């Protein structure tokens, strides 16, 4: 497993990985890897002949007041975690290697980038879409793997690939959870023991929603009300949104007429967490 | 010379053009071809193993009050003009083939896209950069050819390629002029005989600037003053800008300390024309 820091080294290494007839998978990450990331690498290794993992904490997707500076950077541990999982090449550049002097070009998206995270974190998806496009261009993979934990981000990346005609198959892999249900996230490392316990309210609210939907409840208002009741058991957790939405458009629904995504975002102490679940997934055509 | 209208046909045809070891050139146009476009095709045919010409009047780079509807569409004549010039494939899609339902993603650029045309035509370079990125992704050429007539556009495309790490060599070819000096432009077709004569004031002002610079004048104010005097001989031509700028940054200069681009834009009747010339080009390092 080679680790490269510059675009020149990346291009040089890619030359041999991209030999004719071989498929190349890309797993873009911000490092601080956990079992969720590893599942993406495993998926890529199973589907492609070679896998590139990028580790880059992308400054343009953080607002000035957000956690860019304190975001965990654990490269040595990340490399240990990747060992034995079929990763061929790690690209771990510095910001100055990605955003060079005079950089003036960004991806702007409406549609799926506008609601929810787009409203709460203005500019976030602009930074995400810009860096993902750049990583797509630098690596030119055949397939790219993203985790469903960042559900709206997955829609944004799919829209990016479709709208810019990128010949890349964007695959979304299932959320990986801790045994007690907490969705794996690099930001879980910020949680105190007490906050870690409280954070379970996100996945519990989604389990409740799934249970109600599976029992036949189709009224969004009823399900949302039950989800809010779950959150009410942890009053120190500050809800940012609880929504039931169309899984493609993210338009909020009043009735569940087919697969519906439940999305939640909340602050636990100073840590912002998100989670989601597809309700009635089995009804998907 | 194959002519295709859909992305599916394009991909199918590109398969054989892109064989290993062959280089692919792209000449993006809006049709209404003239000798300027043909010079780009000739440059591509000389440098690459195969050349794709795209003909697409891109709606997103026109403001609502601009000439999208009346822009000349002359496909049959365009194809006749291309015959014998080494064009392998023409891609002439409808707007609905390029902008599909749900399209929500655009390229936004600061830097070179901000002054001059960027100020006068807000959104223009957003549309240009978006469609050029899409055409780059659809065709995936090794080299792309643009005409210096659209000087600022060339800077925008180069910035696009650099900032998004596109592995495409962007080449800028010299302006092709009518015998009397008028820069070739599809929009020249809009000019009446009288306007056609008046339109010469653009190239005459640039010739005057070049002459002064070659004679040793280094004060931008003096050169600009002489250019304005040339325009004053045609009071019915409405100047939009006359500037002397750094050829890379487009920052206006006070002194000519090396190669400097003179850029002019004016309305002749209802037709908007632009032209430019690099002064002191031979001093370029």
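Computed from the coordinates by the stated procedures, all read-outs in this text should not be read as laboratory data. Small disclaimer: the values here were computed from a predicted structure and weren't measured. Heads up, the Cβs are rebuilt from the backbone with ideal geometry, glycines too, and the neighbour counts pull from every protein chain shown.
Here are a few things to note about the model shown:
- Rounded if a/c under 1.5, otherwise prolate or oblate - the stretch B:186-278, Cα gyration tensor axes: prolate
- Cβ neighbours within 10 Å from other chains - mean over B:164-170: 5
- Working value for the stretch A:241-285: equivalent-ellipsoid semi-axes of 24, 10, 7 Å, each the square root of 5 times a Cα gyration tensor eigenvalue, largest first.
- Where chain B is rotated onto chain A, the residue of B whose Cβ comes nearest the axis, and that gap in whole Å, is B:108, 2.
- Space enclosed by the convex hull of the alpha-carbon atoms of the stretch A:191-243, per residue, Å³: 68 Å³
- Computed on the protein assembly as shown, the Cα convex hull volume stands at 176 Å³ per residue.
- Each copy carries residue A:158; placing its label point 7 Å along the C-beta direction from Cα gives inter-copy distances of 4.0 nm, listed from smallest up.
- Per residue of B:93-106, other chain Cβ atoms within 10 Å of the residue Cβ number 4 on average.
- Sequence ranges A:127-138, A:103-114, ranked by mean other-Cβ count within 10 angstrom, highest first: A:127-138, A:103-114
- Theoretical ellipticity at 222 nm over chain A - DSSP helices of four or more residues, -39500 (n - 2.57) apiece, nearest 500: -10500 deg cm²/dmol
- Listed by Cβ neighbour count within 10 Å, with the fewest neighbours leading, A:22, B:126, A:187 appear as A:22, A:187, B:126.
- Gap separating the Cα centres of the stretch B:1-50 and the stretch B:130-150, nearest whole Å: 11 Å
- Nm distances between copies for residue A:15, ranked from closest, using label points 7 Å along Cα→Cβ: 3.0
- Helix A:7-17 axis versus longest C-alpha principal axis of chain A: approximately 90°, rounded to the nearest ten.
- Anisotropy class assigned to the stretch A:6-46 is oblate, per the alpha carbon gyration tensor with a/c at or over the 1.5 cut-off and a/b no larger than b/c.
- Label distances, nm, residue B:65 versus same residue in remaining copies, Cβ-directed 7 Å point: 3.9
- The C-alpha atoms of chain B define a longest principal axis, and helix B:200-214 lies at about 70 degrees to it.
- Inter-chain Cβ neighbour average for residues B:108-119, partner chain, 10 Å: 2
- Overall form of the stretch B:87-225 per C-alpha gyration tensor (a/c, 1.5; a/b vs b/c): prolate
- Helix axis angle, B:124-139 relative to chain B longest principal axis, alpha carbon, degrees: 30 degrees
- Semi-axes of the equivalent ellipsoid for the stretch B:113-163, Cα gyration tensor, largest first, Å: 20, 12, 9
- Quick note on the stretch B:2-173: its Rg to Rh ratio, both from C-alpha atoms and Rh being the Kirkwood radius, is 0.93.
- Working note: Cα atoms of the stretch A:22-99, range along each principal axis, descending, whole Å: 40, 23, 17.
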